[in-house]
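The values are calculated or read from the model by the stated rules, or taken from the named source; none is laboratory data. Only a predicted model underlies this, so the values are computations on that prediction, with no experimental measurement involved. Neighbour counts run over all protein chains shown; Cβ positions are idealised from the backbone, glycine included. These accessible areas exclude ligands, DNA and RNA; they are computed on the full protein's heavy atoms, side chains included. Shrake-Rupley method; radii C 1.70, N 1.55, O 1.52, S 1.80 Å.
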Amino acid sequence: MSTRTADWPQGYGHQPFGEVTSTLDLARAHAGHLTGPLWITATAQTASRGRRGRPWVAPVGNFYGTLVLPCADPARAALRSFVAALTLRDALRRVMGQGPDLALKWPNDVLLNKGKVAGILLESLTDGGRMSGIAIGIGVNLVAAPALDQVEPGATYPVSVKGESGADVTPEAFLAELAPAFARYEAQLTTQGFAPIRAAWLDAAARLGETVTARLPQDEVTGRFETIDETGYLILQTAHGLRRIAAADVYF
């Protein structure tokens, strides 16, 4: 049965599943026949993954979902990472209240009391060789977080909503906050462009103005986190001048 509340956004569908390999895997099956945005959720995942194909520990009780969104513009598609980050911040604030600290880590993590509580992964969807949409994968540690020995060395330590705030939130209740929040930010992006999304994201950015290290596949760049630009690229002030970075893992 699909999740529906009084605030469920008009035009957005929902398909819930039990145990699946990954909601991102299911999203690809919808690439050729999207009629509108579709949330795909699962109670458990057996092959969760994060950035660069890394495995994601996925215990039952956490939130696992992918929003399949029609989109034919690759450049604009990448901006949905910031839309999703703001969406997660708002949904987490609503279920936890004002006490815990929330911050957004470029490019796609949400921090709770300085630990990673949620991650976002964007994948392009194609139909007949042409881009037809994007899949926005979202994982949230609602009740449990991976042990430190299950995460990459040097990565931000994982935390859970329940562990940090005491809030006991079901995945269904979290989706009821997440879906309308995303619809609001998506409408803002569509009608007003990226500028207000960028400003709101920067207001919540972790380590803005501080020294961070961006690890690329063949390079490592350390500098002061100056801003993100109008395309969402990370801007670092390094010893050799400004460096504009499209994608990387950030460490601090």
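In the chain, Cα pairs under 8 Å separated by at least six residues give a relative contact order of 17 percent. Residues whose amide H comes within less than 5 Å of that of PHE17, counting only those at least five positions distant or on another chain, are THR41, ALA42, THR43 (H built at 1.01 Å from N in the peptide plane). From helices alone, the chain scores -7500 deg cm²/dmol at 222 nm; the rule is -39500 (n - 2.57) for each run of n ≥ 4 DSSP H residues, then divide by the residue total. Among GLN98, GLN45, GLN218, the largest mean-square fluctuation in a Gaussian network model of the chain (Cα springs under 10 Å) belongs to GLN218. Within the assembled protein chains, the solvent-accessible surface assigned to HIS33 is about 120 Å², based on a 1.4 Å probe. Once each of the GluC sites (Glu not before Pro) sitting in a DSSP loop with at most 16 other beta-carbon atoms within 10 Å is removed, the chain keeps 1-209 as its longest stretch.
Taken per residue, the accessible surface of the chain reaches 46 Å², heavy atoms only and a 1.4 Å probe. Summarising the amide proton neighbourhood of VAL159: residues at separation of 5 or more, or on other chains, whose placed amide H is nearer than 5 Å comprise LYS116, VAL117. Rounded to the nearest Hz, the phi-derived 3J(HN,Hα) couplings of region 36-42 under the Karplus curve 6.51 cos²θ - 1.76 cosθ + 1.60 (θ = phi - 60°) are x, x, 9, 8, 10, 10, 9, where x marks glycine and proline. Between region 132-163 and region 67-124, the alpha-carbon centres lie 12 Å apart.
Using the Karplus relation 6.51 cos²θ - 1.76 cosθ + 1.60 with θ = phi - 60°, the per-residue 3J(HN,Hα) values for region 155-162 come to 6, 4, 5, x, 9, 10, 4, 5 Hz, with x marking Gly and Pro. What is region 190-229 by shape, rounded, prolate or oblate, if you read a ≥ b ≥ c off the alpha carbon gyration tensor as root eigenvalues and call it rounded for a/c under 1.5, prolate for a/b larger than b/c, and oblate otherwise? Since a/c reaches 1.5 but b/c is at least a/b, the shape of region 190-229 is classed as oblate. Is the shape of region 78-233 rounded, prolate or oblate, going by the alpha carbon gyration tensor and its root eigenvalues a ≥ b ≥ c, with a/c under 1.5 for rounded and a/b larger than b/c for prolate? Rounded, because the longest to shortest axis ratio a/c is under 1.5.
Among THR191, THR211, THR170, the largest mean-square fluctuation in a Gaussian network model of the chain, built with springs joining Cα atoms closer than 10 Å, belongs to THR191. Return the carbon/sulfur percentage of the accessible area of region 96-252, one whole number, probe 1.4 Å, all protein chains in place. That share works out to 48 percent. In summary, the helical segments of the chain meeting the span-like criteria, namely a full DSSP H run, a Cα extent along the axis of 18 angstrom or more and a mean Kyte-Doolittle hydropathy of at least -1.0, are 80-96, 171-192.
Going by accessible surface with a 1.4 Å probe and the largest first, TYR12, TYR233 read TYR233, TYR12. Taking a ≥ b ≥ c as the square roots of the eigenvalues of the Cα gyration tensor, region 72-115 is oblate, since a/c reaches 1.5 or more and a/b is not larger than b/c.
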